[in-house]
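What follows is calculated from the coordinates using simple rules that are stated; it is not laboratory data. Values in this document were obtained by computation on a predicted structure and should not be read as measured data. Cβ: placed from backbone, ideal geometry, glycine included. Neighbour counts: every protein chain shown.
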């Protein structure tokens with residue numbers, strides 16, 4: 001079976017859970033990328049925790065979280081967050097969250113992406129959380145086409161058009177998975193054409209607060225590579 005690589009939404013501040021960051025730094029897992037998120041974005045430039053935490057992940061591709069509010073955020077505000085990630089936190093790329101998914105939003109998304117690339121982002125991820133119009137996948141390096149519960153994922157089927165997209169450009173995020181099903185659901189992501197996935201037993205209010213609660217992170221259980 002073709003492999004699916006772990007790609008982690010790491011929405012936990014190192015001051016809140018330094019142990020989670022230490023576990024990620026020490027893990028044998030080598031994710032394709034990790035989305036870091038200070039406070040729904042790059043946070044304050046004088047955050048004393050983040051520089052050391054990010055240095056501990058040396059060698060991991062890091063992308064910074066930027067909320068675009070389904071295309072409603074002004075370009076200047078989005079670009080300011082992008083530049084903070086690139087210039088202050090020294091990460092190499094960004095992830096646009098709450099991206100629109102319909103045809104009407106493509107032009108707006110294109111402006112965000114082009115601004116980010118001109119600013120120096122070498123890797124741009126987008127997360128509409130659903131399968132979007134194909135125009136989004138064409139402009140982004142990776143697109144999250146599913147974000148939701150394991151129960152909802154059981155009914156997810158990619159369209160025929162999405163099935164033709166190279167798997168390296170496709171990401172699935174699944175939360176609320178029974179611990180005993182983590183490996184099987186990750187294997188299903190591979191069968192459905194995802195090149196990147198993260199499957200966790202954690203649930204709301206923040207399912208992306210570290211490794212799965214039932215996992216042993218030092219053996220790479222943040223999504224089983226199959």
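Numbers below:
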quantity	calculated
Additional length obtainable on full extension of the chain from residue 115 to residue 130, 0.36 nm per residue less Cα span	3.1 nm
Among 110, 56, 159: highest mean-square fluctuation, GNM of the chain, C-alpha pairs under 10 Å	159
Dimensionless Rg/Rh of segment 13-145 - Kirkwood Rh, Rg from C-alpha atoms	0.98
Dimensionless Rg ratio for segment 96-188, taking C-alpha atoms and the 2.2 N^0.38 Å reference	1.15
Highest average packing first - 201-213, 166-178, Cβ atoms within 10 Å	166-178, 201-213
Top of 47, 181, 81 by mean-square fluctuation, Gaussian network on the chain, Cα under 10 Å	47
Pair residue 213, residue 77: separation of 7 Å Cα→Cβ label points (nm)	3.3 nm
Residue 56 paired with residue 161, simple spin-label distance in nm, labels 7 Å along Cα-to-beta-carbon	4.3 nm
Theoretical gain in end-to-end length, residue 3 to residue 44 [0.36 nm per residue, Cα-Cα removed]	11.0 nm
Pairwise Cα inverse-distance average, inverted: Kirkwood Rh of the chain (Å)	17.4 Å
Burial ordering of 113, 4, fewest other beta-carbon atoms within 10 Å first	113, 4
